[in-house]
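In what follows, a single structure is set out as structure tokens and then discussed.
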Amino acid sequence: MSLAFKNPTNRHSGYFRTAGIYLALFACTGLPQATMAQDQADAPAPKVSIAAAYSEEITDEASFIGRAEAIDKVDIVARVSGFLDSQNVEDGAPVQKDDLLFTIEPDLYEATLEARKADLDRAEANLELAKVDLARKEELYKRDATPESERDIARANELVAEAEVKAANAAIQQAELDLSYTQIQAPFSGRIGRVAISVGDVVGPTNPPLVTLVSEAPIYVNFSLNEKQFTSVLEQFGEDPASLAESNKSPNVHVTLPNGTELDETGEIIFVDNRIDPLTGAITITAQFENTRRLLVDGAFVNVQIEALEPTLQVLIPQAALQRDQRGEFVLVVNDQQMVEQRYITTGDTVDSAIIVTDGLREGESVIVEGLQRVRPGVAVDAVVASEQPENN
């Protein structure tokens with residue numbers, strides 16, 4: 001057997017050709033990467049707009065859902081039966097206390113009153129007769145001209161006659177009341193709703209109400225606080241529940257109307273319930289508003305804000321600086337070295353275009369409000385105050 005060997009030079013020639021290709025590729029790809037890194041190092045820092053966190057005295061508010069309720073509201077019901085003789089007001093009209101609203105046909109009640117007066121005259125005449133008879137029997141009894149039983153009967157007759165006079169007087173009072181009930185007047189000032197009957201209808205105590213009368217000014221706004229909210233309100237605004245309704249300690253109350261505008265009046269708390277409803281776990285509080293423009297309507301739902309008596313110093317930043325992720329709310333802070341830091345914060349209520357920061361940020365620290373999409377934590381930036389616009393967007 002004979003063995004044949006290949007040329008060693010030929011054996012390694014393929015390897016060197018492959019290595020040469022790899023070196024060439026490395027050289028080709030390495031030059032652009034080095035150039036890109038150099039370009040990034042030479043690129044200017046991105047420009048951003050910043051705003052400094054600032055302090056301002058803020059009057060704290062607590063917000064709740066409330067409902068307007070008329071102080072006085074009544075269904076007008078006829079207290080006597082009869083034909084409706086007249087309607088003296090239009091649907092929805094404002095009325096003053098004691099204004100005449102309706103008239104029930106009074107003829108029957110006038111006649112009844114006259115009959116009761118006649119009954120009184122008869123009773124008074126019988127009383128006079130009984131007095132005369134008693135006086136005569138007393139005189140005869142003193143002379144032993146009549147038995148004692150006759151005198152006693154005369155005394156009893158006088159007492160009966162006195163009772164009949166009292167009954168007649170009471171009947172007259174009742175008849176006068178019934179006659180007065182034919183004139184239906186407004187028990188208080190307010191505005192009536194839609195009249196539910198027509199002239200000529202038979203009305204009475206068992207019939208539906210004639211109309212509803214609601215007072216419009218002043219007006220109540222009722223709202224409820226759960227146990228946690230009530231405790232927080234007490235800690236912030238009052239020493240005890242009664243103090244919330246005291247004029248010198250009552251916090252200011254504001255309402256936002258259903259259309260989103262704030263009522264230009266300040267209300268005051270006038271009532272705090274003495275127990276928490278076990279079914280709802282809430283306690284009822286009532287505030288009173290003058291409602292001079294009649295913008296608060298009975299039954300309307302409104303947003304209620306309780307304002308603290310004294311303002312407190314709070315740290316604020318523009319809302320444009322606030323960002324959120326799965327961890328929570330944060331801002332990008334520019335430190336003294338013009339480097340970006342990510343800072344998680346705790347926020348409170350909004351104040352116009354700013355938001356209160358309760359934790360995580362100090363007054364004077366700068367937060368980015370424009371150019372957030374161009375930076376990330378740990379990079380250097382070219383920061384300008386928010387009133388100035390960066391040259392490159």
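The values are calculated or read from the model by the stated rules, or taken from the named source; none is laboratory data. Everything numeric here is computed off the predicted structure, so don't read it as measured data. Here Cβ is always computed from backbone atoms with ideal geometry, including for glycine, and neighbour counts include all displayed protein chains. The accessibility values were calculated without ligands, DNA or RNA, using every heavy atom of the protein model including side chains. Shrake-Rupley method; radii C 1.70, N 1.55, O 1.52, S 1.80 Å.
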Under 13 Å from the Cα of residue 137, which aspartates and glutamates turn up, not counting those fewer than eight places away in the same chain?
148, 150, 152, 158
Residue-span extension gain [residue 74 to residue 335] - 0.36 nm each, minus C-alpha spacing:
87.3 nm
For residue 357, which sequence-distant residues (separation of 5 or more, or a different chain) have an amide H within less than 5 Å of its own amide H, given hydrogens modelled in the peptide plane?
315, 316, 317, 348
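For segment 179-227, what is the accessible area per residue in Å² when the probe is 1.4 Å?
Here the residues of segment 179-227 average 46 Å² of exposed surface.
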May I ask you to evaluate 6.51 cos²θ - 1.76 cosθ + 1.60, the Karplus curve with θ = phi - 60°, for each residue of segment 110-116 and list the ³J(HN,Hα) values in order in whole Hz, giving x for glycine and proline?
5, 5, 4, 5, 5, 5, 5
With x for Gly and Pro, the residue-by-residue ³J(HN,Hα) of segment 151-167, computed from phi through the Karplus equation 6.51 cos²θ - 1.76 cosθ + 1.60 at θ = phi - 60° and given in whole Hz, is 5, 5, 5, 5, 4, 5, 5, 5, 5, 5, 5, 4, 5, 5, 5, 4, 5
Simple spin-label model, 7 Å along Cα-to-Cβ: residue 150 to residue 132 in nm?
1.7
What does a probe at residue 103 reach in segment 173-195, counting residues whose amide N is under 20 Å from the point 7 Å along Cα→Cβ?
176-187, 195
Quick one: pull the percent of accessible area on segment 139-218 belonging to carbon and sulfur, 1.4 Å probe, ligands and nucleic acids left out.
51
Reachable aspartates and glutamates from residue 47, Cα under 19 Å, same-chain residues fewer than 8 places away excluded?
39, 336, 341, 365, 370, 382, 388, 391
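On the accessible surface of segment 283-343, probed at 1.4 Å, how many percent belong to carbon and sulfur atoms?
Values: 1490 of 3250 Å².
About 46 percent, which is the carbon plus sulfur part of the accessible surface.
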